[in-house]
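The values are calculated or read from the model by the stated rules, or taken from the named source; none is laboratory data. Computed from a predicted model, the values in this text were never measured in an experiment. Here Cβ is always computed from backbone atoms with ideal geometry, including for glycine, and neighbour counts include all displayed protein chains.
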């Protein structure tokens, strides 16, 4: 079998993700806290975090979001930390805090009403989703079928995220 190198791979971007904030019933008073109506008011909310190395900007994080919102906050690292983004989303669905997640991850929950987006603000991030395969296999029927299917799913998902 021939060795695959980065130069021998076909890369097709599927989707650029956007960071979105999501919470359970953002306009309802929860756990004695007044709901947030502006990004600055999130200082009073429980911020949920995916545990990533400090300074790693490949993943959504609260310092990144607050900077984009133009809000200065000194205790941006407060709040519970989880090892997986899906755990952060489930905790937000349970009403235990405010999640920051890629729109791909929360689109269905927002559409179904399990989560709400308290602000319309969203911003693109540096990372994206790709389909990658060796150039030599690009025209194989099963690879073509998979690429077409995954691309149509990405388009469908993008439509749900736009509506949510």
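Annotations for the structure displayed:
- A single entry from 82, 123 fulfils the requirement of being within 18 Å of the chain's Cα centre (by Cα) and modelled with pLDDT of 85 or more: 82.
- Looking at 14, 48, 27, just one residue is closer than 20 Å to residue 129 by Cα and either at pLDDT below 75 or in contact with a strand residue (DSSP E or B) (Cβ under 6 Å, 6 or more places away or on another chain) (or both), and that residue is 14.
- Taking first residues from the range 35-46 that are surrounded by 15 or more Cβ atoms within 10 Å (Cβ to Cβ) and partners that are modelled with pLDDT of 80 or more and assigned to a loop (DSSP other than H, G, I, E, B), the Cβ contacts under 7 Å between residues at least 6 apart in sequence or on separate chains come to 36/45; 39/71; 45/97; 46/79; 46/96; 46/97.
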